[in-house]
1. Taking the condition under 14 Å from the mean Cα position of the chain (by Cα), modelled with pLDDT under 90 and either farther than 29 Å from Pro193 by Cα or among the aliphatic types (A, V, I, L, M) (or both), does Ala37 pass?
2. Any residue in segment 154-164 that is under 18 Å from the mean Cα position of the chain (by Cα), at pLDDT below 95 and loosely packed, with under 13 Cβ neighbours inside 10 Å?
3. Cβ-Cβ under 7 Å, sequence separation 6+ or interchain: first residue in segment 170-199 and closer than 16 Å to Leu101 by Cβ and of a type in the set (Lys, Arg), partner at pLDDT below 95 and in a strand (DSSP E or B). Which pairs?
4. State the number of residues belonging to segment 82-112 that are over 14 Å from the mean Cα position of the chain (by Cα), closer than 18 Å to Leu195 by Cβ and among the β-branched types (Val, Ile, Thr).
5. Quick one: would you say Arg55 is within 20 Å of Glu133 (Cα to Cα), in contact with a Leu (Cβ under 9 Å, 6 or more places away or on another chain) and of a type in the set (Lys, Arg)?
6. Taking only segment 176-206 into account, find how many residues are in a strand (DSSP E or B) and among the hydrophobic types (A, V, I, L, M, F, W, C).
Amino acid sequence: MLLNIHPENPSERKLRQVVDQLERDGVIIYPTDTVYALGCDIKSKKGLERIARIRGINPQKARFSFICSGISQVAEYTAQIDNEVFRLMKQHLPGPYTFILKAGNQVPKLLHGRRASIGVRVPSNNIPLQIVEMLGRPIITASLKNDEDDFLEYLTDPRDVFDSLGKQVDIVIDGGLGGSEGSTVIDCTIDPPELIRQGAGEIDLM
């Protein structure tokens, strides 16, 4: 299903339709402030396994990040955040950044496996933020392409996304044209934090 949702003023009825699907182990494709992404409920083992199959990766080895509604929700799923990292996140979120943090006890084991760290995002896009708020917990965010597929461009038109992947997911949200560059990734499990990937967001760690 291709579901049009206004990016500035999302329809509550349509958001509820998406959340209902997520609560039934559904998989969606949704816009962020960077690229379109695959997503499911953070607690859905079936959803995680479906996303791994779509991307052609082993779910036990996959490194998924997730979307939170704000820094306060991030703190529920991570170990204690020190003051320096908190200030860094507060300065840049919401925005096109992924912060790697030490995982807390609330993170499902399937999500971080044997790893002690997770990636978290608070995008500057009302659609995923309101989906997370209505769901009451984070959703997974996974790229539409494998990390190895550097030669492939991100699909930016949701209609092209639907034509390519619509049969493999339950809902493709049309929230307008997406970006063509992923998020900037910062590893905050080390001191000082380290830039892992330069993406759409500018950051100065000096």
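1. Numbers: under 14 Å from the mean Cα position of the chain (by Cα): yes; modelled with pLDDT under 90: no; either farther than 29 Å from Pro193 by Cα or among the aliphatic types (A, V, I, L, M) (or both): yes.
No, not satisfied.
2. No - not one qualifying residue is present in segment 154-164.
3. none
4. The number of residues fulfilling the criteria is 1.
5. Answer is no for this residue.
6. Initial filter on segment 176-206 (in a strand (DSSP E or B)): 184-187, 194-197.
Of the ones still in play, those that are also among the hydrophobic types (A, V, I, L, M, F, W, C) are 185-186, 195-196.
Adding up the residues that qualify gives 4.
Rundown of residues vs (1) touching a residue at least 12 places away in the same chain (Cβ under 8 Å); (2) assigned to a loop (DSSP other than H, G, I, E, B); (3) among the small types (Gly, Ala, Ser); (4) crowded, with 17+ Cβ neighbours inside 10 Å, yes/no style:
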| site | (1), (2), (3), (4) |
| --- | --- |
| Val85 | yes, no, no, yes |
| Gln91 | no, no, no, no |
| Pro94 | yes, yes, no, yes |
| Thr98 | yes, no, no, yes |
| Leu101 | yes, no, no, yes |
| Gln106 | yes, yes, no, no |
| Leu111 | yes, no, no, yes |
| Ile118 | yes, no, no, yes |
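Per-residue answers, yes or no, for (1) touching a Lys or Arg at 6+ places or on another chain (Cβ under 8 Å); (2) part of a loop (DSSP other than H, G, I, E, B):
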position	(1), (2)
Glu49	no, no
Ile54	no, no
Ile57	no, yes
Arg63	yes, yes
Phe66	yes, no
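The values are calculated or read from the model by the stated rules, or taken from the named source; none is laboratory data. Note that the coordinates shown come from a computational prediction; the quantities given were computed from them, not determined experimentally. Ideal geometry is used to build each Cβ from the backbone, glycine not excepted, and the neighbour counts take in all protein chains shown.
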